[in-house]
Amino acid sequence: MSTSLEPRRAAGPLLRSGDTADAIIEALQEDNPDVELKVQDHSGYIRVEGVGGLILRRETAERALGHPFRMQEIELIMAGYSGKIELTEDHARWYFKNPARRSGNAAADAEDAAGPQPASRAGESR
């Protein structure tokens, strides 16, 4: 049975408006081709969310920005975020875990908790 009260399962950053935010949004679009990004511009900040979560890879951010980028720098333009966040040297990942959802299938529940994962690029090993 489906209800109209199903939980919202979108996650992503809340960015301070500007050129850097525009480049990060471009990178998020490239890194999440199978996710419909919801981008809401509120003048001073931009909310970016995707159902199931979003991932931002350092190399994609660097390409979009046109200069080297340390993933920790995302914190300088991120006013907040929805969901949970994982920040490493190589990526930032926003994901949503609905604690009320328990399928009874351990593998499905683990996948739900993990959210989007960094995909291997050609020539990379995991």
Could you sort 43, 17 by their accessible area in this structure, using a 1.4 Å probe and putting the largest first?
43, 17
Expressed in nanometres to one decimal, the distance between label points 7 Å along Cα→Cβ at residue 76 and residue 59 is 2.4
Work through the residues other than residue 70 whose Cβ is under 14 Å from its Cβ and net out their charges, Lys, Arg +1 and Asp, Glu -1.
-4
How much accessible surface does residue 90 have with a 1.4 Å probe, in Å² rounded to 10?
90
Residues with amide H under 5 Å of residue 97's amide H, sequence separation 5 or more or different chain, H placed in the peptide plane at 1.01 Å from N; which?
84
Counting other Cβ atoms within 10 Å, which GluC sites (Glu not before Pro) in segment 1-95 have at most 13 and lie in a DSSP loop?
36, 89
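The values are calculated or read from the model by the stated rules, or taken from the named source; none is laboratory data. This structure is a prediction, so every number in the text was calculated from the model and none was measured. All Cβ positions, glycine included, derive from the backbone under ideal geometry; neighbour counts span all protein chains shown. These accessible areas exclude ligands, DNA and RNA; they are computed on the full protein's heavy atoms, side chains included. Shrake-Rupley method; radii C 1.70, N 1.55, O 1.52, S 1.80 Å.
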